[in-house]
2 protein chains.
Amino acid sequence: MSDVGKKQSPGVSQPRRGESVRARKRLSVFAGALLKEWKRLALPLTDERVVVAVSGGADSAALVLALGELMEGGRFGVGVVVAHLDHGLRGEAGREDARWVEELAEGLGFEVVFGRAAVRERAARTSDNLEQAARRARYEFLAEVAEKCGARVVVTGHTMDDQAETVLLRLLRGSGAEGLSGMEAVRALRESSSDALPSRESSEVLLARPLLSWARRAETEKYCRERDVEFRMDLMNEDERFARVRVRRQLLPLMETFNPRVAQSLSRAAELLREDAIVLKIAAEELLKRASEEEKAARGERGAFMKASLSVNVLKGAPAAVRRRALRLWINGERGHLRRLELVHLLGVEKLLVGKRGARRAELPGGGFVELRKGRLLFYVK
Amino acid sequence: MSDVGKKQSPGVSQPRRGESVRARKRLSVFAGALLKEWKRLALPLTDERVVVAVSGGADSAALVLALGELMEGGRFGVGVVVAHLDHGLRGEAGREDARWVEELAEGLGFEVVFGRAAVRERAARTSDNLEQAARRARYEFLAEVAEKCGARVVVTGHTMDDQAETVLLRLLRGSGAEGLSGMEAVRALRESSSDALPSRESSEVLLARPLLSWARRAETEKYCRERDVEFRMDLMNEDERFARVRVRRQLLPLMETFNPRVAQSLSRAAELLREDAIVLKIAAEELLKRASEEEKAARGERGAFMKASLSVNVLKGAPAAVRRRALRLWINGERGHLRRLELVHLLGVEKLLVGKRGARRAELPGGGFVELRKGRLLFYVK
């Protein structure tokens, strides 16, 4: 970390005339793989600007270096805006990170935008922990930068290792398919209030992770070394009080003794479960619509003034996997959020459907409840 | 292990007259939980015989002891047939296990049936490894015993720990929802040729696991100690060359440092994914039917003599999660088995659908292939 700013821009010389053909042949394996995934994800190749989030760690450094290589090789004509947020957690080291990123970006001929957040204060003010507060601050910053630049896409350097860690953290918590499907390679940057698989809508800024499906962390480090760039270390990434750090340093290495390609296995499982979740979400939306329309039809004219309600009969006939997702969508729609809603609450609502004696009401966390009355479920906000 | 046969039947005294009411009150927590789950699974409570697989380990010993307690307490009137298979892997220790199980069963007043298998020879003869060969031999033996006894249900002592281990082993291999849903609490004993969630059919012998959804291994050991029964140890359960043993002794304990209730989390995830898989299987069956009927309709009369084929258009319009399951069902139906069929083969068949130049044929493992011709997929056995 002492020689920050010394080695940040080697190998980023301007291509000489007549060299472009040779340069095309010489694309590194890493940059070649990035280009392939970039195209697969249908990310822009010319005529616009993309925002690239760069912390200074190996992953984002490799990402931005490879984009530089692609540009130099004539494969890529997008205006790259490097965005770096100082979370205010690391004092002088944070300021050094920022200087390092600035020199890296300038060496590559990229624009660079900085931001600073007071994450500790933000965490103290909200119910978020430090990691959550940092994450929120980062994505807000990236959204702002994208808006200012008129960029349609924000790109991050999340790797397959990050994906494997995410899947394991979710597994440790007992998530279902949605949680276990980990991160998406492309999604809307602004997270929807529902946590159920936000869709890729045309008007929204996209968050893209072109390293997610293939790059191992070891590869990003190797590529940085090949480019003779000494990436920055974040001591928070070494702090074993964070569960993610322990997953990275203890759990994944132990799992690799069973199967050296376990990160790939986890990443594949995540992809399969994501595809399952998409189908089940559509089925749940259809069920919710039917349960609501059946109710409206049964109520007739008077229905217009009544509370949001669902037909018990329609819900009863549906398989549990679809019904629970429909109830979740319903509660999200009525409450406007899913905060603190756990499986146990959905099971409580489901119990109303079997009509056990006494069970007429299921409480939701943070007030509000669902009531069973005359063959319908009614939603009450507190 | 030296005092085998000394402590096997304490506390199994006949209830004295007039004690039954007191006995009902005194049901142990373990036996009470077993009874609750036994009822939830709709397993027989009177008038028939069930086969209980007993190895001599803590799990199956606790299961059979608790059934004895329920019977003694007047809660349970089923004829228990204890079945024990000597796998021929442990020599004298194996014969000691058998004697121990015999004394335990007799002390409880249960019938007992023994079998012996030559698992090592069986493994050498087939492509199975030792674990697989032992498993197959065991289930064949249990099916035979059930048939001879006229029993409708075979019960095993698999616990939530076994479930968590199974889920983790599948995760290490990169399974999707079906694999990650682990073991079922009740399924047909005879495994169907498809590995996709065998259903519970009325005419078949059932395999039931009434400890699976709630009992931890530590609880079965504790209950054995409470009953003053020294269960047997299987040295194979200590042999860290087996992946399952290392999952039990290394991976699960590490995961418990993140979440002490991780076995519950894994078990819950398995249950949720099983419910998802049921819905997706039904959707796949419907898709397969549509793709096949559309083809038949398009071919008209001539179709009767043609090879099994599917409509590309119908498959193309379906979501990946359903389409892949439909292709899997199709191949299983045409080949009669799913052996060695991996995701990569299904992806190969899917590639035919997008109609890339040159891709007209997808090979299947062990010969056979799927061909694209004139808007249909055709299946060929080699």
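The values are calculated or read from the model by the stated rules, or taken from the named source; none is laboratory data. Note that the structure is predicted; figures quoted are calculated from it, not measured. No Cβ is skipped: glycine too gets one built from the backbone with ideal geometry, and neighbour counts run over all protein chains shown. We work out accessible area using only protein heavy atoms, side chains counted, and drop any ligands, DNA or RNA first. Shrake-Rupley method; radii C 1.70, N 1.55, O 1.52, S 1.80 Å.
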Here the residues within region B:321-331 that are more than 9 Å from chain A (Cβ to nearest Cβ) and basic (Lys, Arg) are B:323, B:325, B:328
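Just to be sure before I move on: is residue A:240 under 30 Å from residue A:92 (Cα atoms), touching a Lys or Arg at 6+ places or on another chain (Cβ under 7 Å) and within 14 Å of chain B (Cβ to nearest Cβ) in the structure I sent?
Spelling it out, residue A:240 is indeed under 30 Å from residue A:92 (Cα atoms), touching a Lys or Arg at 6+ places or on another chain (Cβ under 7 Å) and within 14 Å of chain B (Cβ to nearest Cβ).
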Residue A:221 fails exactly one of (1) crowded, with 22+ Cβ neighbours inside 10 Å; (2) more than 23 Å from residue A:173 (Cβ to Cβ), namely (1)
Selection from region B:114-172 of residues farther than 30 Å from residue A:262 by Cβ, out of contact with any Lys or Arg (no Cβ under 7 Å at 6 or more places or on another chain) and not in a helix (DSSP H, G or I) yields B:114, B:115, B:116, B:117, B:118, B:152, B:153, B:154, B:155
Flagged in region B:226-248 as of a type in the set (Lys, Arg) and surrounded by 13 or more Cβ atoms within 10 Å (Cβ to Cβ), in numbering order, are B:227, B:232, B:244, B:246, B:248
Practice problem: Determine, yes or no, whether residue A:340 is at pLDDT 90 or above and within 26 Å of residue A:179 (Cα to Cα). | Solution: no
(Q) Against the condition at pLDDT 90 or above, more than 20 Å from residue B:176 (Cβ to Cβ) and surrounded by 14 or more Cβ atoms within 10 Å (Cβ to Cβ), how does residue B:314 come out, does it pass? (A) yes
Scanning region A:70-92 residue by residue, the ones that are crowded, with 17+ Cβ neighbours inside 10 Å, out of contact with any Lys or Arg (no Cβ under 8 Å at 6 or more places or on another chain) and farther than 11 Å from residue A:55 by Cα total 4
**Prompt:** Is there a residue being at pLDDT 95 or above, buried (at least 23 other Cβ atoms within 10 Å of the Cβ) and farther than 18 Å from residue A:173 by Cα anywhere in region B:259-274?
**Reply:** no
- Please tell me if residue A:66 is at pLDDT below 90 and of a type in the set (A, V, I, L, M). no
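Results for (1) under 21 Å from the mean Cα position of the chain (by Cα); (2) within 10 Å of chain B (Cβ to nearest Cβ); (3) among the hydroxyl-bearing types (Ser, Thr, Tyr), shown as yes or no for each residue.
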residue	(1), (2), (3)
A:256	no, yes, no
A:271	yes, yes, no
A:296	no, no, no
A:299	no, no, no
A:314	no, no, no
A:319	no, yes, no
Requested in this report: Please indicate, with yes or no, whether at least one residue in region A:98-120 is without any contact (Cβ under 8 Å) to a residue 12 or more places away in the chain and open to solvent by 60 Å² or more (accessible area, probe 1.4 Å).
Outcome: no
Checking B:37, B:72 in turn, the sole residue that is touching a Leu at 6+ places or on another chain (Cβ under 8 Å) and under 22 Å from residue B:151 (Cβ atoms) turns out to be B:37
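Is it true that residue A:197 is in a loop (DSSP other than H, G, I, E, B) and modelled with pLDDT of 90 or more? Can you show your working first?
Working: in a loop (DSSP other than H, G, I, E, B): yes; modelled with pLDDT of 90 or more: no.
Taking the combined requirement at face value, the residue does not satisfy it.
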Condition set open to solvent by 50 Å² or more (accessible area, probe 1.4 Å) and within 31 Å of the chain's Cα centre (by Cα), scope region A:350-382, selection modelled with the highest pLDDT: answer is A:363
If we keep only residues of region A:160-192 that are within 14 Å of chain B (Cβ to nearest Cβ) and among the charged types (D, E, K, R), then the residue least open to solvent (accessible area, probe 1.4 Å) is A:165
The number of residues in region A:359-382 that are assigned to a loop (DSSP other than H, G, I, E, B) and among the aliphatic types (A, V, I, L, M) is 3
